[in-house]
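Q: Take this structure first; my questions come after.
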Amino acid sequence: MAGERVKLVVAQRTKLGSAETRRLRKQGLIPGVLYGRSEPVAIAVGERDLRTALTGASGGHAVVDVTVDGGSSHSAILKDYQRDKVRGTITHVDFLEVRLDQTIQTTVEIHLVGDPPGVRQGGVLNQVTNEINIEALPLEVPQGGLEADVSELGVGDSLRLSQVAIPEGVTLLDDPEEIVIASVQMAREETAEELDLDAEEAAESAGTEAAQTETVADGGGDDSTEG
């Protein structure tokens, strides 16, 4: 689904620096930056409000209507964010202002759907490509990514990007014939044979070492009698 709109009210930050950042976080506010067509604006947003907005944004590609200090609304998309490595909470967020009538370039995830018959035949489904590059108007970027149907893949088959349904208004920036999304390969039957060969080689090696040890032992007896 494309075209979701999420509203987010933020406050402009007038004080910068690590001490101010720590103070904001203690108050439940997340520091951030709104990058636009002019100078970047330092902002602070409530943690709950941000979490709600990002949840409604279906993975971060939706257009967020950012309002700074009750002023005019800025159409923006999530540009980047950082998380606390221990707690997992968001510690900083960046938004990028966009024009709704101009395309943007971004990446979207690929989700595999369907039950490949090749898997039921003993094959293994491998996802080769997890995300692709696209260009689209901000409101046309597919929310939640794209679905790739693998329900027709047999053993030895592969699914290319050219076989994935692309929504109208979305332009692929990757070569659809070159990009392999998924494939089904037979589980390596030769593994058992390789194990048998390894066992044979190990046995042969052990036999060779034993023979060499015996030879050395015999030679050692002769050396002890010299002189």
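The values are calculated or read from the model by the stated rules, or taken from the named source; none is laboratory data. The shown structure was predicted, so the numbers you read here are calculated from the model rather than taken from an experiment. Here the Cβ positions follow ideal geometry from the backbone for every residue, glycine too, while neighbour counts run over all protein chains shown.
Q: Of the residues Val93, Val98, only one is touching a residue at least 24 places away in the same chain (Cβ under 8 Å) and either within 30 Å of Glu152 (Cα to Cα) or more than 21 Å from the chain's Cα centre (by Cα) (or both); which?
A: Being touching a residue at least 24 places away in the same chain (Cβ under 8 Å) and either within 30 Å of Glu152 (Cα to Cα) or more than 21 Å from the chain's Cα centre (by Cα) (or both) holds for just one of Val93, Val98, which is Val98.
Q: A follow-up question, please. For region 130-139, name all the residues that are under 20 Å from Glu178 (Cβ atoms) and assigned to a loop (DSSP other than H, G, I, E, B).
A: Scanning region 130-139 gives a single hit, Asn130.
Q: For region 48-55, check the following and say yes or no: at least one residue is surrounded by 15 or more Cβ atoms within 10 Å (Cβ to Cβ) and among the charged types (D, E, K, R).
A: For region 48-55, residues surrounded by 15 or more Cβ atoms within 10 Å (Cβ to Cβ) and among the charged types (D, E, K, R): present.
Q: Report, by residue number, each residue of region 16-47 that is part of a helix (DSSP H, G or I) and surrounded by 10 or more Cβ atoms within 10 Å (Cβ to Cβ).
A: Glu20, Thr21, Arg22, Arg23, Leu24, Arg25, Glu47
Q: Let me ask another. Just to verify a result, which residue in region 38-68, among those that are farther than 23 Å from Gly144 by Cβ and of a type in the set (Gly, Ala, Ser), is modelled with the lowest pLDDT?
A: Ser38
Q: Could you tell me whether region 82-89 includes any residue that is surrounded by 15 or more Cβ atoms within 10 Å (Cβ to Cβ) and not small (Gly, Ala, Ser)?
A: No: region 82-89 contains no residue that is surrounded by 15 or more Cβ atoms within 10 Å (Cβ to Cβ) and not small (Gly, Ala, Ser).
Q: In region 140-189, which strands (runs of 3 or more DSSP E) lie fully inside it and hold 2 or more residues that are of a type in the set (D, E, K, R) and in the same structural domain as Val128 (by TED's automatic domain parsing)?
A: Here the list reads 146-149.
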